[in-house]
Each structure stands twice: as structure tokens, then as C-alpha cells.
Amino acid sequence: MSNQDVSGSGGASDRFRELYFTEALREALAEEMERDPEVFLLGEDMGVYGGCFGVTRGLLEQFGPERVRDTPISEAGVVGLAVGAAILGARPVVEVMFMDFITLAMDQIANHAAKFRYMYGEQARVPLVIRCPAGAGRAYGATHSQTLEAWFLHVPGLKVVAPATAADAKGLLKSAIRDDNPVIFLENKVLYQSREWIPDGEFTIPLGRARRVCEGGDVTIVAYSRMAREAEKAASILAEEGIGAEVIDLRSLVPLDIDAVVASVTKTGRVVLVEEGTRTGGVCAELGMRLFEEAWDSLDAPIQRVTAPDIPIPFAPELEAAVIPTAADIAAAARALAES
Amino acid sequence: MDKTLLLKWFYQMKLIRTFEEKSAELYAYGKIGGFLHLYIGEEAVATGALATLREDDHLLTHYRDHGWALARGTDPKPLMAELLGRVTGVSKGKGGSMHLCDPERNFWGGYAIVGGHLPLAVGIAFAMRYQGTDRVVLSVFGDGATNIGEFHEALNMAALWELPVIFLCENNLYGMGTQVKRASAVPEMAQKACAYGMPTEQCNGMDVFSVYGAMQKAVQRARAGEGPTFVEAKTYRFRGHSMADPELYRQHDEVEAFRECCDPIESLRDHILREKLATPEELEQLERQAAAATEEAAQFAEQSPPPPLEALYEDIYAQPLDGPTAGKERR
């Protein structure tokens, strides 16, 4: 873990540029396609249309229709096709237009991609990335706003990655493409619009290494994806009140950098876990249990979590906003803990 | 046709038959657990179809896969060991009867989720063309798979992109215990390929020559870059869906009638003798060889150890993770 760790295996430049999250992802795709001819893209409306959220805009012109393949609306078929191609040494990157649609491909992910290596031995490997625009906040309603990563933690054989910053989006996506395992890659739709400074040139960020967003001695806040940004804002609110919050951005849920979380909790003795998804059986439920197992002696107060309630995402923007955890919610939970 | 080829087919079909009979016996003795789906009666389909593939072509099948592995040339010993869940099995004892594989022979598995492997076959074909080869993919499934969504997604994409896939449907008249006419709106499975403008071949799956002929056309088309073909082999399984099947859904007379009229091995024997390509003694010699290979496989399997407990945590990820499997110390 490090404060601004974008070094990883690749050498990050000292010079920075300002990019949208979407552009950072596009750079990762383009660089990996340049680097390795086995990398190709598949998905609905990602070529001619440029991707529902514009992530792949321009890549068709750059790499041609063989490598930027528009597909029919056939999530199970397309993910299955990608798994088949991956077994034969290709490195497909599939875009599932909304993470909600990944439900249609669960058979291929859970029964095939995740199982090959175990059932068929080391001869079978599935270097596959499934990119999933996820999350609420854009009034897309109950079927286009979900955050479903918790399901995939429950399937051994998969990796789950969820960047919070543009730099991480680029570096983690590049690592995911180079990984020999199937990777579910979450892209929070609200983050797509954020414009940030990222290092020039090529760099990768290893999967399984958390990022310490800010240091603090009173309370630890653990989050990932969009919620890591909310946690960072919460830390600023708390700082003004004289409460030192240490924010850990997990970056990936599998592999999980539990050591980074335990180290921070050992220092602060208090922890708030945050996720955008629903509460029961969620990522925080797993994280909380891991901390119970591995950091019990260090905990000075009960573990707290801030999550969406166990309800579908409603359409009306006022209702939707009430579902998604905010910096204020996180700050309130951390404040109560720090004062306990 | 070439005598050597026909004798090879006879041996292969006989090997499948004896291997399956032996595995049924081991199942009855409780030495094979779980599911066991026998291929008895359908031997001509795998034998005829695989005779049209090159060694570097690819194969994916449904869970009734023992016969396909044998016809592909997989050693019966590790096959039988897999059925018994032994470490010497083709999948190191972690796959089982329904999940056989032999990557060295480009046999990418038996699949137990009905129809789920059809998109995988399309993906392998996609990769073959992407990588600039002329290799083709044979995707084998039953009549039941034609009713599932992934079947239609796979056929559409393969036809749309003219990929080198052969979709071979083994129509054995029953999806587990449900007759085709009780599950499918159309009686001929090949009718379903027409929606995708895909050429079709129908053949007699109880006749190795008929399967071979239909498959040759399909493979030629795929190899030439002319896209996928749907081949329907009408066949019949002489045994139940699995060893656990009491066969309440079909008449004993029906099974006997098929055995009497259409045993693919007896048909091939008659052909060979009629054409005087071999003597009855020569064929009996081949049958003895098949029986010996089966016995040897059973002995090998029974004498092999089960996988060690350490294997539980092997081959989950390309490199082991610390995190998710760390709980193993605390099981």
C-alpha cells in the first residue's frame, strides 16, 4: 500500500495530464491492444456507436472491426464466446453495457469461466476481462443502476476490480487484461464524468494492492469505486472537526488487500465499511467478518457499515439520492465511532 | 471404403461399448459415484463425426461424453480413472464423468450445463479465425439443448460472422425423460437452423457411414471459410438417461426394437462381412482387444489413488491468492 501508488510494475512518469475517467479507460484498452495482438474488444454498440458511455469511442477506427467487434444483444452468447476464445489464448475484453445485464451471462461466468482451471487443470486458463458500467445516480431506474459485485465474490476463480480514480482505472484495467484469470471490472457510471490528473505514459497497477487515500489516527474508512471518493470527502469534513480519518480504497475485492485494512485498523481501532450496493450479504458483510477474524484484538468499537438499504434502486431522483450512501452518511458514521 | 478405416471404426465403437458396459458395472458396485450417462447405442455418431476432423481441430460436447473422448483418441485409462475420481484421471479427479477433457487432443470438455458450451464453441472458432488458422470446431449437443437461449445466440453469431463451427445435434428422441415432441415446437431439430440461414445436413446416427458423409460436407464448408453447418444425427440411446434412470417414460419394446433393428456396431459388422473386408475371426479379435483395453483401464483406475487433499486448493487461480482461500487453515 502507498499513498499515491500508481507505479506498480510499470514506470509512471513524473508528468501528469488531465483526463476523463472514460479517456483513461480508453487509453488502457488502446495501449494493451497495441502491445498484444491477442487483445480484442467485444460488446453491444461499442464499435460504430462508440460505446454506450463513450469509453471505446474511436477504437474501431484505430483497430478495425476484427478487433473492435459489435455484437448482437446476446450477453450469454457473447460472454461465452469470449470464454471460448480465451481458452485458446486470446485476451478478449467484453463490455456488458450495464452491469445489470450481467445476470444474463451468469451461467457462462459462474459455470464456465470460473471453473475451467479447477475442473480441467492448468492446461485451461481464461484470460478474460468483463467491463461492467455499474452503479446508480443517473436516474436509470431499477434495472440499469445496480452494483452487483458482491455476487462475484462468492464464485471462487474470479477476480473483482473496482477503481475509484482515473489513474487507477487505467492502471488496473491494464493489469486486468494481462491477468490469466477472468476479471470482473466495475466502472462506476458516475465516475465516468470525473476529470483528473493522471501520470503521463504507460503504467500498470497490480491487482490486490489497496491505496491509502489519506492518513488519520482516529478512525479507518474502507471503501472502493465511487464510495472511495465519497469517503475521501467524508475525511475532509471530519478533518475540519478535528477527527483524523484514514481512508483505504480497496481497488480490488478479489484479490483483497486485507493486510492494508488490518494495518490501518490496528492503528485506529475503529472502522467504517462502505459500499454502494445493498446491505444484506454485501461486500461489507464479508469485510466485517474478515476483520472480526483478523483484527478482533485491535477493535475498540463495533464495526460500522454504510451501505444502500435492501431495496431496488427507485427512479425518482429524490428517492434515488436517498438510497446511495453519501459523504455526509459516512462522516456521520465515522463521527459517532470516533466519539464512542 | 478403405478397409483399415472401417476396422478402426469397428474397434472404436466396440471399445466405447465395452468401456460403457464396464463403467455401468463399476457404478453398480458403487465404485463410480455421482452421475453416469452412458453412450451405448450412439457410438456411430462420435465415431463417424470425429473421423472427419483433423487432429488440430477442436471438439466440445455435452455431458454424455465418454464415447466422444474415446473416439477422439483419449487413452481409456485416465478416462476411467476420472470416472472413479482418481488423481490419474484426465481432469485429475476434479472433473468427473460429465467434465472430461483432453486439451492435448483439443477436446475442450464435456459440459453439464445444457447448451452452455455452444457459445464457447463459437468463441473457439472466433479465435481460430482471428489467429488466421483454417481449423474448425465441432460442437456436439443433444435435442434438449436446442430449446435454450444460448443455442440461438450461438447459432446467430456463428452464422452472422460465418465462423468455422459444426453444430452437431445428437437427437436421441429424449431430453432426459421428456420426448422431443413434448418439449420442442418443431419435430426436426434441423428446422431451427433455418432461422439463421444456416445450411443443414440430416443423417442416420445409427449408421456410421451416414454420419461420416454428412459431417464431411459440414467440415469442408467450415474449412473453406463458408461458415457453420447444422448437422442433425437421429440416434437412440439403448440405456437410460443416466444410471439413476428407471426409464418410466418409454416402453421396453421401443428400446428392444431399436436394439434389434439399429445396433450401429452390428450394422457395421454386417457391412464388413458382406463386403468381405474381414473375416468374423478378425472382428472377434478386435472385440477381444477392446475388452482387454477396457479391463486394463478399469484396473488402472481402481489401483490409482484419490487426489490428495492439497489438490483442493490447486488450480483455482493462475497464481494462488492469499485472500479468499486463506480460510483453508480454519476449515
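The values are calculated or read from the model by the stated rules, or taken from the named source; none is laboratory data. Keep in mind that what you see is a predicted model, and the values were worked out from it rather than measured. Note that we place each Cβ from the backbone using ideal geometry, even for glycine, and neighbour counts take in every protein chain shown.
The table below lists the values:
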{"quantity": "Meets criteria (in a helix (DSSP H, G or I), over 29 Å from A:Cys284 (Cα atoms) and either β-branched (Val, Ile, Thr) or more than 10 Å from chain B (Cβ to nearest Cβ) (or both)) for A:Glu122", "calculated": "no"}
{"quantity": "Flag for A:Gly288 being of a type outside the set (A, V, I, L, M), surrounded by fewer than 19 Cβ atoms within 10 Å (Cβ to Cβ) and in a helix (DSSP H, G or I)", "calculated": "yes"}
{"quantity": "Pairs with Cβ under 7 Å, 6+ apart, first in the stretch A:131-158 and at positive phi and within 14 Å of another protein chain (Cβ to nearest Cβ), second assigned to a loop (DSSP other than H, G, I, E, B) and small (Gly, Ala, Ser)", "calculated": "A:Gly157/A:Ala114"}
{"quantity": "Criterion violated by A:Gly80 - all others in (1) in contact with an Asp or Glu (Cβ under 8 Å, 6 or more places away or on another chain); (2) more than 9 Å from chain B (Cβ to nearest Cβ); (3) buried (at least 24 other Cβ atoms within 10 Å of the Cβ) satisfied", "calculated": "(2)"}
{"quantity": "Helices (runs of 4 or more DSSP H) within the stretch B:246-303 that include 2 or more residues of a type in the set (D, E, K, R), within 27 Å of B:Asn204 (Cα to Cα) and touching a residue at least 40 places away in the same chain (Cβ under 8 Å)", "calculated": "B:280-303"}
{"quantity": "Selection count, the stretch A:13-43, where residues are at pLDDT below 95 and assigned to a loop (DSSP other than H, G, I, E, B)", "calculated": "3"}
{"quantity": "Selected residue (criterion: farthest from B:Met128 (Cα to Cα)) from residues of the stretch A:55-75 that are assigned to a loop (DSSP other than H, G, I, E, B) and in contact with a strand residue (DSSP E or B) (Cβ under 9 Å, 6 or more places away or on another chain)", "calculated": "A:Val55"}
{"quantity": "Filtered residues of the stretch B:9-25 (kept if buried (at least 19 other Cβ atoms within 10 Å of the Cβ) and of a type outside the set (S, T, N, Q))", "calculated": "B:Trp9, B:Phe10, B:Met13, B:Lys14, B:Leu15, B:Ile16, B:Arg17, B:Phe19, B:Glu20, B:Lys22"}
{"quantity": "Answer residue from the stretch A:178-232, given it is part of a loop (DSSP other than H, G, I, E, B) and polar (S, T, N, Q) and is surrounded by the fewest Cβ atoms within 10 Å (Cβ to Cβ) among those", "calculated": "A:Ser194"}
{"quantity": "Tally, over the stretch A:301-333, of residues that are of a type outside the set (A, V, I, L, M, F, W, C), in contact (Cβ under 8 Å) with a residue 40 or more places away in the chain and farther than 15 Å from A:Leu273 by Cα", "calculated": "4"}
{"quantity": "Residue, farthest from the other protein chains (Cβ to nearest Cβ), within the stretch B:100-127, restricted to residues that are more than 26 Å from B:Met176 (Cα to Cα) and buried (at least 24 other Cβ atoms within 10 Å of the Cβ)", "calculated": "B:Ala125"}
{"quantity": "Of all residues in the stretch B:193-208 being in contact with a helix residue (DSSP H, G or I) (Cβ under 7 Å, 6 or more places away or on another chain) and more than 11 Å from B:Val231 (Cα to Cα), the one that is surrounded by the most Cβ atoms within 10 Å (Cβ to Cβ)", "calculated": "B:Val208"}
